[in-house]
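Here's the structure, in structure tokens; my notes come after.
The values are calculated or read from the model by the stated rules, or taken from the named source; none is laboratory data. In this text the structure is predicted, and so the values were computed from the model without any measurement. Here the Cβ positions follow ideal geometry from the backbone for every residue, glycine too, while neighbour counts run over all protein chains shown. The area values use the complete protein model at the heavy-atom level, side chains included, leaving out ligands, DNA and RNA. Shrake-Rupley method; radii C 1.70, N 1.55, O 1.52, S 1.80 Å.
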Amino acid sequence: MIAIIDYGAGNIKSLQSALSRLDIPSLLTTSKNEIEKADAIILPGVGAFAEAMKQLEKLGLVSLLKSEASKNKPFLGICLGMQMLYETSDEGGECPGLGLFKGKVRLIPDIVKVPHMGWNDLQIKQNVPLLNGIREGSHVYFVHAYFAAEGDTENLVADTAYGVRIPAVVQQGNVFGIQFHPEKSGSIGLQILKNFGELIS
Amino acid sequence: MTLTKRIIPCLDVDKGRVVKGRKFKDLQDVANPITLAKKYDEAGADELVFYDITASNEARDIFVDMVEKVAAEISIPFTVGGGLRTVNDIQKVLRAGADKVSINSAAVKNPQLISDAAAKFGRQCVVLAIDAKQIANSWHVFINGGRVDTGLDAITWAQKAEKLGAGEIVVNAIDTDGEKNGYNLDLNRAIADVVNIPIVASGGAGSMQHFAEALLGGKADAALAASVFHYEEIDIHALKAFLRQQDIPIREVTANEF
């Protein structure tokens with residue numbers, strides 16, 4: 001069972017229906033008990049960073065998510081959920097994140113149109129189980145204005161080019177971040193979610 | 001490589017059915033929105049737009065129900081618009097499964113709706129639709145389904161909306177809408193030149209060449225169309241192959257195994 005953290009902002013229904021099409025059981029929850037019992041956690045993400053962190057704090061989930069992530073339980077942050085894995089974000093004033101990954105989230109420089117919106121191609125840097133069956137250059141759907149600007153390069157699994165190099169998939173142990181929306185990226189995205197489901201022991 | 005240009009079928013929905021009109025009038029029933037959405041997803045559409053053209057409140061529930069069904073069936077992003085007046089209205093359709101919302105008349109009447117929605121949901125999901133029509137030497141913003149001239153300059157409004165937090169602008173040219181003689185490239189370019197957010201060209205697609213013009217000379221990041229897709233005058237596969245031949249970056253679609 002995957003616990004999808006339901007902190008109130010954005011579209012999470014699509015994520016849940018994508019998982020159910022793959023026969024991966026999931027539930028939307030904010031219950032500490034359910035999150036602790038779950039085999040894996042997805043921190044989804046459409047929304048604004050400061051608002052989302054405020055919601056997590058209000059729900060009393062910040063320290064719980066940190067401790068769950070340290071238990072080697074598969075933990076996936078998607079889009080804003082990936083950004084929240086980092087130390088801070090510039091979105092909504094410098095705002096602290098969960099700090100699971102080193103680095104800062106910054107606005108995409110305006111040498112390109114911001115937000116980065118649409119299908120862009122993956123440049124794969126490391127072959128990891130999460131990207132099993134995914135070809136170099138596969139198109140996936142991005143919708144974001146901020147990105148993980150200063151992260152550890154050893155965590156970088158795949159990136160894409162949009163004015164700058166945008167980390168697209170990051171991994172540190174069993175904690176994963178995906179900047180694009182796998183639930184909106186057609187069969188490529190579904191394959192990635194399926195791969196994540198297979199990490200659950 | 002680079003960010004690809006998007007092809008976006010637009011579905012106008014009235015009481016749960018897709019309809020199509022010319023210049024916002026003479027509506028005709030076309031299809032079931034979910035069947036059509038799945039078909040476009042499989043054909044390689046990069047995104048979809050559902051526009052609720054129903055005015056009544058009871059029909060609004062039918063529409064939200066449809067949004068939920070669409071979200072369960074397709075795995076590409078979609079935008080929902082029509083009749084969204086408050087942050088609450090927006091939250092309702094996002095919770096139902098929409099990825100972005102398109103606001104139009106309500107933003108003209110209350111520009112703060114753009115900033116409030118951007119602060120709460122992130123600016124990437126706030127799309128401003130501008131219905132514009134040429135009046136003398138400028139383009140005016142029209143509201144209420146193209147019926148009311150606000151006198152507002154479309155270019156100025158686009159710039160203001162970007163500052164307020166709009167993440168994308170759909171430029172809908174009333175003059176060319178439904179005529180199938182091509183997008184309004186001048187209007188599109190005029191807006192693309194003054195903002196730094198994605199621009200979606202809308203209104204007037206009749207041939208594959210029109211899409212290429214919008215994405216090249218019209219400086220659009222995406223091109224939206226309705227009837228040419230609904231009536232199968234243009235096949236999305238063939239359109240994307242045509243655009244690729246002109247060196248326009250276009251997403252390749254792999255067969256959906258799920």
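Worth a mention:
- Meets criteria (surrounded by 21 or more Cβ atoms within 10 Å (Cβ to Cβ), touching a residue at least 60 places away in the same chain (Cβ under 8 Å) and within 14 Å of another protein chain (Cβ to nearest Cβ)) for B:Ile199: no
- Failed condition for B:Asn144, given (1) at pLDDT 95 or above; (2) over 20 Å from A:Val46 (Cα atoms); (3) surrounded by fewer than 24 Cβ atoms within 10 Å (Cβ to Cβ): (1)
- Within the option set B:Gln124, B:Gln91, being within 13 Å of chain A (Cβ to nearest Cβ), modelled with pLDDT under 90 and in a helix (DSSP H, G or I) holds for one residue only, B:Gln124.
- For region B:121-138, a residue qualifies if it is open to solvent by 40 Å² or more (accessible area, probe 1.4 Å) and over 19 Å from the mean Cα position of the chain (by Cα), and the qualifying residues are B:Gln134, B:Ile135, B:Ala136, B:Asn137.
- Selected residue (criterion: modelled with the lowest pLDDT) from residues of region A:123-170 that are under 20 Å from B:Asp221 (Cα atoms) and polar (S, T, N, Q): A:Ser138
- Test for B:Ala129: is it among the small types (Gly, Ala, Ser), part of a helix (DSSP H, G or I) and under 17 Å from B:Val49 (Cβ atoms): no
- Criterion applied to B:Lys180, B:Lys219, B:Lys240 was being among the basic types (Lys, Arg) and at pLDDT below 95, and the one residue passing it is B:Lys180.
- Here the condition is being at pLDDT below 95, part of a loop (DSSP other than H, G, I, E, B) and more than 14 Å from chain A (Cβ to nearest Cβ); of B:Arg60, B:Arg85, it holds for B:Arg85 alone.
- Checked against the criteria, B:Lys133 counts as in contact (Cβ under 8 Å) with a residue 12 or more places away in the chain, in contact with a strand residue (DSSP E or B) (Cβ under 7 Å, 6 or more places away or on another chain), over 26 Å from A:Glu51 (Cβ atoms) and charged (D, E, K, R).
- Subset of region A:148-198 [of a type in the set (D, E, K, R) and within 25 Å of B:Asp46 (Cα to Cα)]: A:Asp159, A:Arg165, A:Glu183, A:Lys184, A:Lys194
- Just one of the listed residues (B:Leu239, B:Leu185, B:Leu152) is open to solvent by less than 50 Å² (accessible area, probe 1.4 Å), more than 14 Å from every other protein chain (Cβ to nearest Cβ) and over 28 Å from A:Gly186 (Cα atoms), namely B:Leu185.
- Within region B:202-218, the residues that satisfy the criterion of being closer than 26 Å to B:Gly82 by Cβ and open to solvent by 20 Å² or more (accessible area, probe 1.4 Å) are B:Gly206, B:His210.
This table checks each residue for (1) touching a strand residue (DSSP E or B) at 6+ places or on another chain (Cβ under 6 Å); (2) crowded, with 23+ Cβ neighbours inside 10 Å; (3) in a strand (DSSP E or B).
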site: A:Gly99; (1), (2), (3): no, no, no
site: A:Arg106; (1), (2), (3): no, no, yes
site: A:Asp110; (1), (2), (3): no, no, no
site: A:Trp119; (1), (2), (3): yes, yes, yes
site: A:Gly133; (1), (2), (3): no, no, no
site: A:Glu136; (1), (2), (3): yes, no, no
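- All helices (runs of 4 or more DSSP H) inside region A:12-79 with 2 or more residues being at negative phi and within 14 Å of chain B (Cβ to nearest Cβ): A:13-21, A:49-58
- Matching residues, region B:155-192, being under 14 Å from B:Val126 (Cβ atoms), touching a residue at least 40 places away in the same chain (Cβ under 8 Å) and not in a loop (DSSP other than H, G, I, E, B): B:Lys160, B:Ala161, B:Leu164, B:Glu168, B:Ile169, B:Val170
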